[in-house]
Amino acid sequence: MKEHIRQSIEAAVNPNIPEIKPGDSVTVEVIIKEADKERVQEFKGTVIKTRGSGNSASFTVRRIASHGIGVERTFLLRSPRIAKVSVTRRSKVRRSKLYYMRALTGKKARLKQKQSSEQ
């Protein structure tokens, strides 16, 4: 595909999204539209998957809702509906897709925190 055509259809990069990796605990603030009003809704959880590049790049966040039910939500990286993403904690993981987290509960579902190199 010609470069000028690709640039015309590609969405702008959302500046409110930092670099995200699997194992990160994040808070995603999503703009929800209800009737004629808009509000911001938070979704806190662990990034279990990142995929793609360009317009189709996305990441999946998993959290445990009430009664131990797991909820996963996929967000587009370039979506204008994402108000803000903040990384609260980075964890040490050895694989890029953390699907095994779906089967774990309680203490087994914990990930070791990555040590910061600023010490």
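Observations on the structure shown:
- Debye intensity ratio in log₁₀ form over the Cα atoms of the chain, taken at each q of 0.10, 0.14, 0.20 Å⁻¹: -0.37, -0.68, -1.15
- Rough spin-label spacing in nm, given labels placed 7 Å along Cα→Cβ, for Ser86 and Asn16: 1.3
- Once the chain from Lys2 to Ala103 is taken as fully extended at 0.36 nm per residue, the excess over their C-alpha distance is 31.9 nm.
- Pairs with C-alpha atoms separated by more than 31 Å, drawn from the list Lys2/Lys37; Lys2/Lys33; Lys84/Lys114; Lys2/Lys114, are Lys2/Lys37; Lys2/Lys33; Lys2/Lys114.
- For the residues Thr88, Thr60, Thr27, a GNM of the chain with alpha-carbon springs under 10 Å puts the largest fluctuation on Thr88.
- Ellipticity estimate at 222 nm from DSSP helix runs (n ≥ 4, -39,500 (n - 2.57)) divided over the chain, nearest 500: -1500 deg cm²/dmol
- Sparse packing (at most 12 other Cβ atoms within 10 Å of the Cβ) combined with a DSSP loop state is found for the following GluC sites (Glu not before Pro) in segment 1-36: Glu10, Glu19.
None of the figures in this text is laboratory data; all of them are computed from the coordinates on show. Only a predicted model underlies this, so the values are computations on that prediction, with no experimental measurement involved. Glycine gets a Cβ as well: all are built from the backbone with ideal geometry, and neighbour counts include every protein chain shown.
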